[in-house]
1. Report, by residue number, each residue of the stretch E:96-119 that is small (G, A, S) and surrounded by 24 or more Cβ atoms within 10 Å (Cβ to Cβ).
2. Return yes when F:A204 is within 14 Å of chain E (Cβ to nearest Cβ), in a loop (DSSP other than H, G, I, E, B) and among the hydrophobic types (A, V, I, L, M, F, W, C) and no when it is not.
3. Out of curiosity, is C:V5 open to solvent by 20 Å² or more (accessible area, probe 1.4 Å), hydrophobic (A, V, I, L, M, F, W, C) and either over 21 Å from B:E123 (Cα atoms) or at the interface with chain B (Cβ under 10 Å from one of its Cβ atoms) (or both)?
4. Residue check, A:D54 against (1) more than 11 Å from chain F (Cβ to nearest Cβ); (2) open to solvent by less than 20 Å² (accessible area, probe 1.4 Å); (3) without any contact (Cβ under 8 Å) to a residue 12 or more places away in the chain, all met but one. Which one?
5. Among the residues of the stretch A:17-47, write down those that are farther than 28 Å from A:S354 by Cβ and touching a His at 6+ places or on another chain (Cβ under 9 Å).
6. List every residue pair whose Cβ atoms lie under 8 Å apart, where the two residues are 6 or more positions apart in sequence or sit on different chains, the first residue falls within the stretch F:249-275 and is within 14 Å of chain D (Cβ to nearest Cβ), and the second residue, located anywhere, is among the polar types (S, T, N, Q) and part of a helix (DSSP H, G or I).
7. Scanning for something among the aliphatic types (A, V, I, L, M), free of Cβ contacts under 8 Å to residues at least 12 places away in the same chain and open to solvent by 10 Å² or more (accessible area, probe 1.4 Å), does the stretch E:193-205 turn up at least one residue?
8. Scan the stretch D:56-74 for residues that are more than 8 Å from chain A (Cβ to nearest Cβ) and polar (S, T, N, Q) and report the count.
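The values are calculated or read from the model by the stated rules, or taken from the named source; none is laboratory data. Predicted, not measured: the structure shown is a model, and the values here were computed from it. Neighbour counts run over all protein chains shown; Cβ positions are idealised from the backbone, glycine included. Note: accessible area is taken over every heavy atom of the protein model, side chains too, but ligands, DNA and RNA are not part of it. Shrake-Rupley method; radii C 1.70, N 1.55, O 1.52, S 1.80 Å.
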Amino acid sequence: MKYVDVFRDAELAHQLARHIHQQADPGRHYRLMEFCGGHTHAVFRYGLPALLPDNVELVHGPGCPVCVLPVVRLEQALELSRLPEVILCSYGDMLRVPAGKGQSLLKARADGADIRMLYSPLEALTLAQQHPERQVVFFAIGFETTTPPTAVLIQRADEMGISNLSVLCNHVLTPAAMHAILTPREGEATAIDGFIGPAHVSTVIGSEAYAPFPRQFGKPVVIAGFEPLDLLQAISMLVGQLNRHEARVENQFSRAVTPDGNPKARVLVERMFERRSSFEWRGLGEVPASALKIRPEYARYDAEQRFELSAPRAREHPACECPAVLRGQKRPDQCRLFGTPCTPDNPLGACMVSSEGACAAWYRYNRGRIAMQERE
Amino acid sequence: MKYVDVFRDAELAHQLARHIHQQADPGRHYRLMEFCGGHTHAVFRYGLPALLPDNVELVHGPGCPVCVLPVVRLEQALELSRLPEVILCSYGDMLRVPAGKGQSLLKARADGADIRMLYSPLEALTLAQQHPERQVVFFAIGFETTTPPTAVLIQRADEMGISNLSVLCNHVLTPAAMHAILTPREGEATAIDGFIGPAHVSTVIGSEAYAPFPRQFGKPVVIAGFEPLDLLQAISMLVGQLNRHEARVENQFSRAVTPDGNPKARVLVERMFERRSSFEWRGLGEVPASALKIRPEYARYDAEQRFELSAPRAREHPACECPAVLRGQKRPDQCRLFGTPCTPDNPLGACMVSSEGACAAWYRYNRGRIAMQERE
Amino acid sequence: MCLAVPVEVVALTGPGRALADMGGVRREIDVSLLDGLEVGDFVILHVGFALQKLDRVEAEKTLAILQQMAAQQQ
Amino acid sequence: MCLAVPVEVVALTGPGRALADMGGVRREIDVSLLDGLEVGDFVILHVGFALQKLDRVEAEKTLAILQQMAAQQQ
Amino acid sequence: MSRLDLTNGKVEMAHGGGGRAMAQLISQLFARAFDNEWLAQGNDQAQLSLPAGRLAFASDSHVVSPLFFPGGDIGSLAVHGTLNDLAMCGARPHALSVGFILEEGFALAELARIVESMAQASREANVPIVTGDTKVVERGKGDGVFINTSGVGIVPEGLDLSGDRARPGDCILLSGSVGDHGACILTQRESLGFAADIRSDSCALHRLTQAMVAQVPQLRCMRDPTRGGLANTLNELAQQSGVGMQLEEAAIPVIQPVQAVCELLGLDPLYLANEGKLIAICPPEQAPMLLDLMRARPEGQAAAIIGTVTADPQQFVQLRTRFGGNRLLDWLNSEPLPRIC
Amino acid sequence: MSRLDLTNGKVEMAHGGGGRAMAQLISQLFARAFDNEWLAQGNDQAQLSLPAGRLAFASDSHVVSPLFFPGGDIGSLAVHGTLNDLAMCGARPHALSVGFILEEGFALAELARIVESMAQASREANVPIVTGDTKVVERGKGDGVFINTSGVGIVPEGLDLSGDRARPGDCILLSGSVGDHGACILTQRESLGFAADIRSDSCALHRLTQAMVAQVPQLRCMRDPTRGGLANTLNELAQQSGVGMQLEEAAIPVIQPVQAVCELLGLDPLYLANEGKLIAICPPEQAPMLLDLMRARPEGQAAAIIGTVTADPQQFVQLRTRFGGNRLLDWLNSEPLPRIC
Ligand code: SF4
Ligand code: SF4
Ligand SMILES: [Mg+2]
Ligand SMILES: [Mg+2]
Ligand SMILES: [Mg+2]
Ligand SMILES: [Mg+2]
Ligand SMILES: [Mg+2]
Ligand SMILES: [Mg+2]
Ligand SMILES: [Mg+2]
Ligand SMILES: [Mg+2]
Ligand SMILES: [Mg+2]
Ligand SMILES: [Mg+2]
């Protein structure tokens, strides 16, 4: 596959890894956060930690939209799905995510709710047209990458005069979350040395969006593609900056990321959405100006306006260490719930929800070791 | 089973049969029409012809509501059933009846039409309440027995304010059909000597309803129950009248038939229905004043008013001898379609449609003999 | 035509409603077309409706006639 | 997050629509967020939408750098 | 592995997905209930050491509604159904397979009840369920649960029972009353509104048949008159053997509530399904012995000789009524529908 | 008996009613297509004279959607599925049963196409379909057609293959590329909108397996990685044998369009279903011979040694990536869903 396979060359990867081994200063520790769950996924899929020096540590960030979605929002979706007139549709990732009491969209569907999986949001238009007597609700999740498609959906519905479609909007903003991660809490020091920035988000928002982080927090950001060579190169670039005491935004994914991203997409998003003053991120807590809602001009497409939604209080497990894990302050196995009872089959916190979550990835990767330790 | 088993006593039956053998004048032929399909059914279920003298012949009449229903009316029901909003419901008997082109309600259901079988018409009320967004149409068939229950259905729907229910009314009148059978066509002589009158119809209309037949046509009528002893007794009573050159209405089923039937039921029927000036009986053709329609005061419950129904021309097979068979002018096997191609699996005329039809009964009863003849 | 059977009223269950029994099989039926029914009465049941009361005396009479006709043949 | 892959535009099928190919697998995609696309272009595809054009020259540059870094290790 | 929630849980697509949830369902429900060495092995097939003899092999799917009814449920019915098809050729049944097709959203508690019932039927029959399969279909594409059972058995040496072996003069025996299962299911259909004390006759007949073939190896054939009832099954046999049949109505047992249901709905008990009855055809000399033997067992306690095989190129099955008339018991096209006329 | 309308006809309730319509369907469609002496006999079970040996017995229901797909259909799949389960223990398959659950309204023309495909698969495999059953469910309570097949075969003397026999040091062989069937079905789902030239790998493996066990009777076990894919199936085997496994990613063949579908949908081909592949585990000494033998046959032409069995009380299946890292191939709960992240 063009522009894919070449960036998975194992031999090149080994040579790159050797380069990083040479670069890395044995006298220091590099804690690099890959913000994006896609990177976390790639890290484990290709087994990159085995290639890296011990003192280059990858810290897994909150960049997985289903992980950070507050349970309250999922419960609202479940509530909507139970209305007989509603067809609730969302991406496959969302269907398995557990809410309280062992609920999930998949279980709600088994219980009779009409829940459809979409590959592309435009399929919601077709559903709305095929079922004029029903209310189609698109349960929208995702970062800046997934937001323009949702904007196109609303635009098309508007052009086509479709009145039985609405969007339960949960789009969130990457830079706001990075800001929260870098803002120390009381008694904390910032625990990461630099960011591997998300390639696909950046194709939309552009590399300029990360300029504040070096400036304000002195942390370098390297935007990286999702193939293993991309990641290794970005790691090398971050190690280089840190060795040189630099903090700049660099763009490893120059093949699709420009300084200003996709202006057409950004204009469209700006037209349809406005920032929420604050939004809860599961694991991170309330983050100011970190999410989007549909503008009042398009309120008729806003499921939050169209339906009366209850807002139950989300109760996270009090011992869950996700806030510290997602800030890089703690390793997953330093949470006392990790492994027992918190597992990917029974996730108690955000980081265990999807295979891209920091705790889930750690669990899978280290499960052999963990189980051995438990036996002892 | 009380009031059932005693009237099925085989020993009594044989003695009664012997009585009839003694009664019957070997010098003459008795052609007695059991008007009612229920009687036809009983005749074959119990094997009565074997018990009777050869010169006491039972002629099978048109008293099966599904047989005499014109194909046009069934096609209207099929048409209604294909409307997405319609739930069409009817009695089990109706579901298998073939319309043109191999169609039937059962096949329409297999094709996706929402067709329900009812045991009692009141179930249509429940359906209408359970599906407020749909139109429930009760495809009503039957003689005077089945008409009062339909009347109660309309009355209840009216009292309960149910607006998504209507009735496609095909209720027909027994005396009108008997009148048609006794009215000779050009070149015909009346071919029957007397009627075995229907017990259950008579529980509603009363024995007085048959008074015109002896008076006007000189034919005796004996209302008979449906158990084999009832039938044998009625045959004996008819043979007796004929021997005595009498023509009276006698009531063998005095245990449930009175001279005026069920006045309460008759009043209700009178309130809801009026006579059609003419109605087509499959096999008999147009018979004046032989069927009921819903009165204009209740037009909102009349499917013929509520829906635009097309009235395709029914084309019966030109060689079908049903008109002659039902008048007792011909035996089924005198029709050149009988057996090949007209069979119960592929009925070409009214008399082959249900197991109570004259040709179907003849076919089943005489099939052994017929098949033998075909081989020769 | 018109399948109907004699069933016994075993309980009056509401206005125009009764529980009927035939050979151990029971069903709630509509008796609104008949007045003055009592438990123990037999009625002629058709499509869930009682169409007529069964007259026990007449039934016995009919049976007696049948038996008499038969007796002549023995 | 944000699974997206480079696909080749093999046909323009209507306003804002194109047929895309990846390794022999094809799908109609929405390209309304990009202007001036041509057949043969590669785009980054996410949930059925082309989010960005892929710059072949930059891709080659990145590869060249990678190869150069690797070469230093041989 | 977490615990299956057999109280409030529902069937999910994952239970048929081939992963952990399916393994959990199999180990915590099926393997535990059916408990035998073959299932415990966890292979995709069972390997059985059987005695010598011809192999009998049968399969039936079960789709009954309602799933639970007096006298049984879809689970026990599925076990009995296939055991009986094996038994009808004189085989001793040795093992069953089970294939579940579950509808998404079906209550695991009901499934567990059905599985327990299958397990009990299998234990009582002493025939293990040695292999199986589970599929899950989306809600609205199934009906709670469908169950296929297949089975294998061994036919004792020297036996040769087949539906084509009936000969004119043979006697036709029936093991008990007809129509119980069909009438039971009808009275369970809520919409008809009937209440009656009718139990399905569902039961395993292999012990009875083994006794029969042991004593009367001359038996021509046996068959269980399930769907289509006695009348259609006899037509099948008549056609297979190229013979006619003459039955005596008075000899065919029908229990009163079944007869009453038939009167009420205009049905004929001879066309209603049975799930624990068999027809046996044997030379006339052996008929009395066979009848005694059948009546001596609970499954055959109401057995009767109901007619004889006739020479009839038309292959008609005829019934002599109690009145001496003869009526043709023709094939029916399908299960009879309730009638008003 | 009138003719079944195989052009415009639809499945009706009567086709499962046990009467004439069902007899017609059986004789005019099933018995004609599957054409063999056992079905022709028309009994409720088949009686088979099999060679001596342990009996293998397997059963699978098939519920695939769409019913027709490149490389096969539900009919051929149903035949191959059960043949393969028999083949996996080294058995020679001798006979199949088939149980249809048809939805009222299903086109008889499609049913005929499926039946013809089953007949062809059965002929090609030289394994007859000897007994069967048909049920019809009301419209909306099924999904066109579900097919259960069960099968019997004979295990040659001296063979003992079972999933619990893998031992540390054993080699793990795979007969060809993974994910073809699963990816094919995904690309056939209209709603996803993909078009790709991916054929299901559905095929019968019993000739391959018979060659394998004849040459390498030391084989520990075989299994076909169907639902759940290679990863779940290996986890099953690891758990059964109480061992671990170490695989080499680079050794596992995945064809390019399957890989591309996985990239597009965020799926892992190691978890996608296969319907014509097998895993074989054997002592290391026999592995090269076994590999050669597999590669010499069309069904095993892309066979590879993909890993080894390890001693691991945790029973982990691990994959060494092309980059030298190790990744745990855990059980999945169910078939993977398309992802956006
Ligand atoms: S192990 Fe579970 S509870 Fe603990 S931090 Fe991770 S997700 Fe939260
Ligand atoms: S045999 Fe058929 S066509 Fe002829 S009269 Fe009877 S019903 Fe009509
Ligand atoms: Mg069977
Ligand atoms: Mg059976
Ligand atoms: Mg059977
Ligand atoms: Mg299976
Ligand atoms: Mg359903
Ligand atoms: Mg199997
Ligand atoms: Mg299989
Ligand atoms: Mg069967
Ligand atoms: Mg369906
Ligand atoms: Mg298998």
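1. Once the filter is applied, which keeps residues that are small (G, A, S) and surrounded by 24 or more Cβ atoms within 10 Å (Cβ to Cβ), the stretch E:96-119 yields E:S97, E:G99.
2. Values: within 14 Å of chain E (Cβ to nearest Cβ): no; in a loop (DSSP other than H, G, I, E, B): yes; among the hydrophobic types (A, V, I, L, M, F, W, C): yes.
Against the criterion (within 14 Å of chain E (Cβ to nearest Cβ), in a loop (DSSP other than H, G, I, E, B) and among the hydrophobic types (A, V, I, L, M, F, W, C)), F:A204 does not qualify.
3. Numbers: open to solvent by 20 Å² or more (accessible area, probe 1.4 Å): no; hydrophobic (A, V, I, L, M, F, W, C): yes; either over 21 Å from B:E123 (Cα atoms) or at the interface with chain B (Cβ under 10 Å from one of its Cβ atoms) (or both): yes.
No; evaluated as a whole, the condition is false for this residue.
4. Looking at each condition in turn, A:D54 falls short on (2).
5. Hits for the stretch A:17-47: nothing passes.
6. Pairs that qualify, where the first residue is within 14 Å of chain D (Cβ to nearest Cβ) and the partner is among the polar types (S, T, N, Q) and part of a helix (DSSP H, G or I), are F:V261/F:T187; F:P269/F:Q259.
7. The initial filter retains those residues of the stretch E:193-205 that are among the aliphatic types (A, V, I, L, M), namely E:195-196, E:198, E:204-205.
Remaining after also requiring free of Cβ contacts under 8 Å to residues at least 12 places away in the same chain: E:195.
Subset that is open to solvent by 10 Å² or more (accessible area, probe 1.4 Å): E:195.
There is at least one residue in the stretch E:193-205 that is among the aliphatic types (A, V, I, L, M), free of Cβ contacts under 8 Å to residues at least 12 places away in the same chain and open to solvent by 10 Å² or more (accessible area, probe 1.4 Å).
8. Selection size over the stretch D:56-74: 1.
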